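The structure under discussion appears below in the form of structure tokens.
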Amino acid sequence: MPVERPADVETTVRGAGVLAAIGAGLFADLQEAAELWQLGRRFEPDMADDQRQGLADGYDQAVVQALSR
């Protein structure tokens, strides 16, 4: 599954601003505000499925070990 990063990475500030703008009537709703979103970069996975699963399994085992101490 790809990950999309917005052009404006200050998402916390933007989110607060968008909610304030909706409250002030500058945007009708979140859908209208979302139309301003712009893609900055898209990251596509390139790791083989079996390698990814092996790493995830190792992580799960490490968590179990850490919690059992």
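Numerical summary
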| quantity | calculated |
| --- | --- |
| Check on Arg52, in contact with a strand residue (DSSP E or B) (Cβ under 9 Å, 6 or more places away or on another chain) and among the charged types (D, E, K, R) | no |
| Breaking point among (1) modelled with pLDDT of 95 or more; (2) over 21 Å from the mean Cα position of the chain (by Cα); (3) loosely packed, with under 11 Cβ neighbours inside 10 Å, for Ala56 | (2) |
| Residue among Arg52, Arg42, Arg69 that alone is at negative phi, of a type outside the set (A, V, I, L, M) and part of a strand (DSSP E or B) | Arg42 |
| Exclusive hit being under 14 Å from the mean Cα position of the chain (by Cα) and basic (Lys, Arg), set Arg69, Arg41 | Arg41 |
| Verdict on Pro6 being touching a strand residue (DSSP E or B) at 6+ places or on another chain (Cβ under 9 Å), closer than 29 Å to Arg52 by Cβ, surrounded by 10 or more Cβ atoms within 10 Å (Cβ to Cβ) and at pLDDT 90 or above | yes |
| Scan of segment 24-39 for residues that are touching a helix residue (DSSP H, G or I) at 6+ places or on another chain (Cβ under 8 Å) and either more than 19 Å from Ala7 (Cβ to Cβ) or assigned to a loop (DSSP other than H, G, I, E, B) (or both), ordered by number | Phe27, Ala28, Asp29 |
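The values are calculated or read from the model by the stated rules, or taken from the named source; none is laboratory data. Every value quoted in this text rests on a predicted model; they were computed, and no experiment measured them. Backbone-built Cβ (ideal geometry, glycine too); neighbour counts: all protein chains shown.
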